[in-house]
1. Which residues, taken from the range 104-114, are exposed (fewer than 13 other Cβ atoms within 10 Å of the Cβ) and under 10 Å from D58 (Cβ atoms)?
2. With respect to L74, is the statement that it is touching a Pro at 6+ places or on another chain (Cβ under 6 Å), modelled with pLDDT under 95 and part of a helix (DSSP H, G or I) true?
3. Residues of the range 119-136 being in contact (Cβ under 8 Å) with a residue 60 or more places away in the chain, assigned to a helix (DSSP H, G or I) and buried (at least 19 other Cβ atoms within 10 Å of the Cβ), which ones?
4. For the range 77-113, how many residues are touching a Pro at 6+ places or on another chain (Cβ under 8 Å) and assigned to a helix (DSSP H, G or I)?
Amino acid sequence: MADRRSRSSRDLLVWMHVLTSVGWMSQALALATLLAFGLSTGDPEQRLSAVTMAEVLDEHLLLHMANASAFTGLMLSALTPWGYFRHWWVLTKFAITTVQVYAGIFVLGPNLQAGVRAAEDGRALPPGVAVGALLMASAMAFQTWASVAKPWGRTPWTRSPRAPRKVPSGPGWLFLVATLLPVAEYALSVGVLGFPFPFGSLLVALVHPIARSRGLRSGPAPRVAARGDAGPTSVS
């Protein structure tokens, strides 16, 4: 019964990860479409409308989807035998996701704001914003392929004498927390704060893997994970 509840909680987290990842990629494509239109049109009003809609889309939806997708993907790795550093495809996705999130925050967002100001002044949009959005969508598509194909095998760290040979899945309640936390943070950001505040997700994503790694190295040999706990098979 406990294993069944754990698998149900894991499936719920997988569903949330797929939902937010598809949302992230589709919103990135929508962003690229709006910005490409803004670059190509000769009408200043249409240019301003396109880049303004792109900025609204980025701030009010894409950013939240990206945060939730990244967090749920990290937790699926942390809570299942896949781990962060045991398989090259997981490690590659981890690196790409990290770059995407920070590029969106520190590069794409400010350039969108600059694009709005340029359109308000009647100037052309910087072409890099559309390219950046298209690269983001392309990176998501690549990660989808990696999730399905699971290429490149295991990393050298799995052969370390200190690495646990059998890694258990996390408890069902933690899968549930990882599913509901992005929803709570979205409600807090939209309904109260007015800006994204994924502090809880960041804290859990940082603290849990460290605590779990220490527990695996110091505790007794863990049980073999159930067949339903095979790890993340979705997009990220």
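The values are calculated or read from the model by the stated rules, or taken from the named source; none is laboratory data. Note that the coordinates shown come from a computational prediction; the quantities given were computed from them, not determined experimentally. Cβ sites come from the backbone with ideal geometry, for glycine too, and all protein chains shown count toward neighbours.
1. Here is the first cut: in the range 104-114, the ones exposed (fewer than 13 other Cβ atoms within 10 Å of the Cβ) are 106, 110.
Residues satisfying the conditions do not exist here.
2. Details: touching a Pro at 6+ places or on another chain (Cβ under 6 Å): no; modelled with pLDDT under 95: yes; part of a helix (DSSP H, G or I): yes.
So L74 does not fit the description; no.
3. A119, V129, A130, A133, M136, listed by residue number.
4. 6
One line per residue, one yes/no per condition, for (1) surrounded by fewer than 24 Cβ atoms within 10 Å (Cβ to Cβ); (2) touching a residue at least 24 places away in the same chain (Cβ under 8 Å); (3) more than 21 Å from P198 (Cβ to Cβ); (4) of a type in the set (V, I, T):
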position	(1), (2), (3), (4)
M25	yes, yes, no, no
L31	no, yes, no, no
E45	yes, no, yes, no
L48	yes, yes, yes, no
Y84	yes, yes, no, no
Y102	yes, no, no, no
V116	yes, yes, yes, yes
